[in-house]
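Before any comments, here is the structure.
Every number in this text was worked out from the coordinates using simple rules, so none of it is lab data. The structure displayed is predicted, hence computed values, not measured ones. As a convention, Cβ positions derive from the backbone with ideal geometry for all residues, glycine included, and neighbour counts pool all protein chains shown.
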Amino acid sequence: MRLLRSAFFLLIVRPVLTIVLGANVRHRERLPRSGPAIIVANHNSHLDTLTILALFPLGDLPRLRPVAAADYFMTNKAMAWFATNIIGIIPIDRGKRNEGANPLQPCEDALDRGDILILFPEGSRGEPERLTQFKKGVAHLVKARPATPVHPVFMHGLGKALPKDALLLVPFNCDIVVGEPVRWGDSVDGFMDVLQSRMAALAATVRMPPWE
Amino acid sequence: MTMLDSLSPVQAVIGGIYALLIVASVLVAVLRRSKPGDATTELTKRVVSWWWMITVFTIAVLTDRVVSTVFLGFVSFLALKEYLSLIPTRRVDRSILIFVYVAIPVQFYFAHITRFGLFMTFIPVWMFLFLPGLMTVMGRTEGFLRAVGMLSWGMMITVFSLGHTALLLSFGAKTSYGAGPLLFLVVLTQFNDVAQFTWGKLLGRHKIVPSVSPNKTWEGFLGGLVTTTLIARVLGPYLTPMPELWSALAGFIIAGTGFIGDITISAFKRDLGVKDASNLIPGHGGILDRVDSLVYSAPVFFHFMNYFFFNGRAL
């Protein structure tokens, strides 16, 4: 399975990303070399997860765990197989907060194992290429594991290439900017403010032609 | 001498390019040692990228015609992608862009099978009429004219104009000059860029179009024009069916139109507020920055040769 995963990234994801999309990556050196760590990115497209996974060396694949909604990815059998085995997601139940169990437990366990989590705090892909308010789950996760660095990554262009509900991939060059890691401060709201403003600052460094 | 004799003109010229590249690399290395700084670091990057580009181009041109055509189509694809990524686009036109991309294989296929009429009409007639029609069916009129204008121009420069490079391969195959005519065009266009840059750095005083391209000077432009014309006079008889004087005239035209292409793409970038079209080629910018002169010199050179030297019967 590990071989299949590596082959999928080496033979399909990377060529498509370099040729069809031509990612321009800035500050790749800021990515974490080892876990535990959290990557936080804006979400515009199904390509987002693949793109972030492809930023790392192939050998890091087993350590990289995208966090994804169970209700979206785990309902269909084929999709569930692909999501867990090839992409390596950690499925999370959205909106079951009041039943006593901690929905973030699998994420905390993964951090304890030294994995690198990939989180999209916007919650869904939503309106493509528009940065929306982050959800606070990531702050609660960092509060539980305060030593974990959180690396913001801003991406532009993937939402134009393959937005929500689109069937065909249209080639566009895309920009990826990696920011300096954010650390846990003293409150959930304070952390979210820092993270959100750090992401906005990264977004401001990218030239985004109008797309109305 | 016997080894030189056994080389084809194309191989000999490519050998000459590498010799020139080695000389340039040595010069830049010396310059870097005597004057370290940002300018020489940039120059080094540029020369390293030249090695890459010339190697890829050499392999593509020397392999065979299909590989060469596919390579040229890929360059056109990269240029179009850069263009479409830079301009403002309407969300509703996303599916239209797929048709624009599909125009590339079609255009280069027409070049490959030497269907001159189809090649000449496919984009300026069929795509030109068909795309706005399709966009009308989409039903959104807001920003319609702007979108039609930008897509049409982009397709003309990145697919139609650059497509003429593949047409030169067909022409070369027909006249048994092989990749010669294409090599003639590309070498002279790129050489002219370098010659203009060098003459401009050495003697440049009087700016031509400071509001568009502040580094372009009359001295650089004229220096490039004369040097390129002279080189064309020497290379033309080997690489093309044209004798010395016609070759020199072709070189003159390539240098002049190449310059116009260069500043036209500069004007386009300036309007969008970017310095380079992308960061694909270190020291050069994007593909569009590298093929800017070719966008003009390729069609003008081809049609000059076709109409004036072959009376319209080159293909």
Picking from B:141, B:121, B:189, which is most flexible by a Gaussian network model of chain B using Cα springs under 10 Å? B:141
Under the Kirkwood approximation for Rh and a Cα-based Rg, what ratio Rg/Rh is obtained for the stretch B:128-215? 1.18
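In deg cm²/dmol and to the nearest 500, what is the mean residue ellipticity at 222 nm of the protein assembly as shown if only DSSP H runs of at least 4 residues count, each as -39500 (n - 2.57), divided by the residue total? All intermediate terms of the calculation are to be shown ahead of the outcome.
Working: 21 runs with 294 residues, N = 527.
-18000 deg cm²/dmol, from helical runs alone.
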Take the alpha-carbon centre of the stretch B:24-55, take the same for the stretch A:159-178, and report the distance between them in whole Å. 36
How big is the dipole moment of the protein assembly as shown about its Cα centre under a simple scheme where the beta carbon of each Lys and Arg is +1, that of each Asp and Glu is -1, and everything else is neutral? Debye, nearest 20, please. 180
Given charges of +1 on the Cβ of Lys and Arg and -1 on the Cβ of Asp and Glu, with all other atoms neutral, how large is the dipole of the stretch B:66-174 about its Cα centre, in debye to the nearest 20? 100
Would you mind checking the pairs B:35/B:269; B:45/B:216; B:216/B:275; A:136/A:160; A:77/A:135; A:143/A:164 and listing those with alpha carbons more than 23 angstrom apart? B:35/B:269; A:136/A:160; A:77/A:135; A:143/A:164
Checked against the positive end of the charge dipole of chain B (+1 on Cβ of Lys and Arg, -1 on Cβ of Asp and Glu, about the Cα centre), the farthest of B:87, B:175, B:198 is B:87
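At 20 °C and a viscosity of 1.002 mPa s, what translational diffusion coefficient does Stokes-Einstein give for the stretch A:28-91, taking Rh as the Kirkwood radius over Cα pairs? Give it in µm²/s as a whole number.
Values: Rh = 12.6 Å.
The calculation lands on 170 µm²/s.
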Nonlocal amide H pairs with residue A:90, under 5 Å, H built at 1.01 Å: A:67, A:68
If we count every other residue with Cβ under 9 angstrom of residue A:206's Cβ, Lys/Arg +1 and Asp/Glu -1, where does the sum land? +1
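With the alpha-carbon atoms as the only input, what is the per residue convex hull volume for chain A in Å³?
Numbers: hull volume 26.7 nm³, N = 212.
Residue-normalised Cα hull volume stands at 126 Å³.
Taking the convex hull of the Cα atoms, report for chain B its projected area averaged over all directions, in nm². Write down the numbers at each step before the final one.
Details: hull surface 68.4 nm².
Directional mean of the projected Cα hull area for chain B stands at 17.1 nm².
Helix by helix, which DSSP H runs in chain B go 15 Å or more along their axis at the Cα atoms and have an average Kyte-Doolittle hydropathy of 1.6 or more?
Going by DSSP H runs, the hits are B:9-34, B:128-138.
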Among B:160, B:171, B:191, which one shows the highest mean-square fluctuation when chain B is modelled as a Gaussian network with alpha-carbon springs under 10 Å? B:191
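Could you tell me how many cubic angstrom of Cα convex hull volume the stretch A:117-175 has per residue? List each step's numbers first, then the result.
Working: hull volume 5.3 nm³, N = 59.
Considering the Cα atoms of the stretch A:117-175, their hull volume per residue is 90 Å³.
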Where labels lie 7 Å past Cα in the beta-carbon direction, separation of residue A:180 and residue B:12 in nm: 6.1
P(r) for the stretch B:1-106, please, calculated from all Cα pair distances in 5 Å bins and given in %. 2, 10, 13, 13, 13, 13, 12, 11, 7, 4, 2, 0, 0
Considering amide H positions built from the backbone, and no H for Pro or chain starts, which residues 5 or more places from residue A:24, or on another chain, come under 5 Å of its amide H? A:174, A:175, A:176
Among A:53, A:169, A:141, which one moves the most in a GNM of chain A with springs linking Cα atoms closer than 10 Å? A:169
Taking the Cα centre of chain A as origin and charging only Cβ (+1 Lys, Arg; -1 Asp, Glu), how large is the dipole, in debye to the nearest 20? 400
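Pairs of Cα atoms under 8 Å, at least six residues apart: use those to get the relative contact order of chain A, whole percent. Display every interim value, and only then the final one.
Details: 353 pairs, mean separation 61.0, N = 212.
Averaging sequence separation for qualifying contacts and normalising by length gives 29 percent for chain A.
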In order through the stretch A:151-166: 3J(HN,Hα) via Karplus (6.51 cos²θ - 1.76 cosθ + 1.60), integer Hz, x for Gly, Pro: 9, x, 10, 10, 10, 9, x, 5, x, 7, 5, 8, x, 3, 6, 7
For residue B:315, residues with placed amide H under 5 Å, excluding near neighbours: none
Could you tell me the ratio Rg/Rh of the stretch B:138-281? Both radii from Cα atoms, Rh via Kirkwood. 1.06
Rg (Å, one decimal) plus Dmax (Å, integer) for the alpha carbons of the stretch B:1-59? 14.4, 45
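Calculate how large, on average over all directions, the projected area of the Cα convex hull of the protein assembly as shown is; give the answer in nm² to one decimal.
Quarter of the Cα hull surface area: 29.6 nm².
Using the Kyte-Doolittle scale, which helices in chain A average at least 0.0 and also have C-alpha atoms spread 20 Å or more along the helix axis, with helices defined as whole DSSP H runs?
Taking the DSSP H segments of chain A (at least 20 Å long, mean hydropathy at least 0.0), we get A:188-204.
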Residues with beta-carbon under 13 Å from that of residue B:112, excluding residue B:112: net charge, scoring Lys, Arg +1 and Asp, Glu -1? +2
Within 10 Å of each residue's Cβ, count the other Cβ atoms and sort A:155, A:79 from fewest upward. A:79, A:155
Charge dipole (chain B, unit charges on Cβ, about Cα centre) - positive-most of B:136, B:28, B:56: B:136
